[in-house]
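Student: I am attaching a structure below and will ask some questions about it afterwards.
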Amino acid sequence: MPKHFYKGLELEIKGRVYEPREDSELLAEVVESEIARQALENGVISFLDLGCGSGLIAIAAAKAGAVVTAVDIDAGAVELTNENAKRNGVKVDCRVSDLFSKVRGKFDVVAFNAPYLPEEVVEGESEAWAAGERLEVIRRAVEQAKHHLKAGGALLLVVSSLTGVKEVGRLLSDNGFKFERAADKKVPWETLYVLRAVL
């Protein structure tokens with residue numbers, strides 16, 4: 001049974017696919033703002049939703065006017081994003097990919113609602129939230145993202161006060177990014193941040 005999420009988007013959630021929460025909504029708001037800002041300068045925006053899950057971010061980006069590609073390592077999530085995109089009347093190019101492994105070309109905006117807890121990834125249990133004890137998932141994404149951004153493009157990355165924001169900041173800086181906190185939200189157990197990083 002589909003549920004209504006951010007701005008009335010109708011999404012079905014199946015299996016172990018991450019159900020949108022406060023982090024998803026915060027990122028969606030920043031994505032819409034970034035697309036609107038870049039569209040004023042560049043026209044149609046190419047957008048990549050990295051780790052698309054149920055498709056909320058991809059669908060919000062498509063409704064904001066972007067040309068959207070959505071990828072996830074989980075084939076079930078990719079299938080679900082495709083179904084939810086159709087349910088909400090938008091077109092999204094969905095494919096299975098371990099981060100950027102099957103991604104070609106460059107994008108104006110890349111968004112990643114990353115697994116951001118610094119703990120070991122246990123297959124079949126914690127993929128949705130565990131980034132590895134040394135944030136390996138985020139590290140790989142940042143290192144690869146710089147090769148898939150157009151000039152003036154932005155990486156939008158969700159992290160938490162539990163992640164180690166300073167550590168992620170150092171990682172971005174070490175890879176040539178300048179970054180700012182585009183948004184934040186306090187929830188009972190943590191503070192969520194969307195970092196906007198540009199080369």
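Laboratory data are not the source of any read-out in this text; all were calculated from the coordinates shown. Here the structure is a predicted model, which is why all the values come from computation and not from measurement. All Cβ positions, even for glycine, are placed from backbone atoms using ideal geometry, and neighbour counts span all protein chains on display.
Student: If I model a spin label as a point 7 Å beyond the Cα along the Cα-Cβ vector, how far apart are those points for ARG37 and TRP189 in nm?
Tutor: Using points 7 Å along Cα→Cβ, the separation is 3.1 nm.
Student: Hey, another quick one. Along the Cα-to-C-beta direction of VAL44, a point sits 7 Å from the Cα; which residues of the stretch 147-171 have their amide N less than 18 Å from that point?
Tutor: 150
Student: How much length would be gained if the chain were fully extended between SER161 and LYS7, taking 0.36 nm per residue of separation minus their Cα-Cα distance, in nm to one decimal?
Tutor: Residue separation times 0.36 nm, minus the Cα-Cα distance, leaves 52.8 nm.
Student: Is there a quick way to get the dipole size of the stretch 22-198? I mean about its Cα centre, with the Cβ of Lys and Arg at +1 and of Asp and Glu at -1; what is the value in debye to the nearest 20?
Tutor: 820 debye
Student: Let me ask something else about it. Of ARG196, ARG104, how do they rank once you tally other Cβ atoms within 10 Å and put the fewest first?
Tutor: In order of increasing Cβ crowding within 10 Å: ARG104, ARG196.
Student: Among LYS3/LYS91; LYS3/LYS63; LYS150/LYS186; LYS102/LYS185, which pairs are too far apart, with a Cα-Cα distance over 22 Å? Display every interim value, and only then the final one.
Tutor: On the way: LYS3/LYS91 20 Å; LYS3/LYS63 18 Å; LYS150/LYS186 32 Å; LYS102/LYS185 32 Å.
In this structure, LYS150/LYS186; LYS102/LYS185 lie more than 22 Å apart at Cα.
Student: Taking each pair of distinct Cα atoms in the chain once, what is the resulting Kirkwood hydrodynamic radius in Å?
Tutor: Kirkwood hydrodynamic radius for the chain: 16.5 Å.
Student: Find out how many positive minus negative residues lie around LEU11, taking Lys and Arg as positive, Asp and Glu as negative, among other residues whose Cβ is under 14 Å from that of LEU11.
Tutor: Working: positive: LYS3, LYS7, LYS14, ARG21, LYS63, LYS86, ARG87; negative: GLU10, GLU12, GLU19, GLU25, ASP49, GLU79, GLU83.
Result for the neighbourhood of LEU11: 0.
Student: Another question about this same structure. Using a Gaussian network model on the chain with a 10 Å cutoff between Cα atoms, which of LEU162, LEU56, LEU48 fluctuates the most?
Tutor: Largest GNM mean-square fluctuation: LEU162.
Student: Multiply the residue separation of LYS86 and HIS147 by 0.36 nm, subtract the distance between their alpha-carbon atoms, and state the gained length in nm to one decimal.
Tutor: Difference between extended and current length: 19.0 nm.
Student: Something else about it: Quick query: amide H of ALA114 versus all other amide H atoms, modeled in the peptide plane; which residues come in under 5 Å with a sequence gap of 5 or more or a different chain?
Tutor: VAL158
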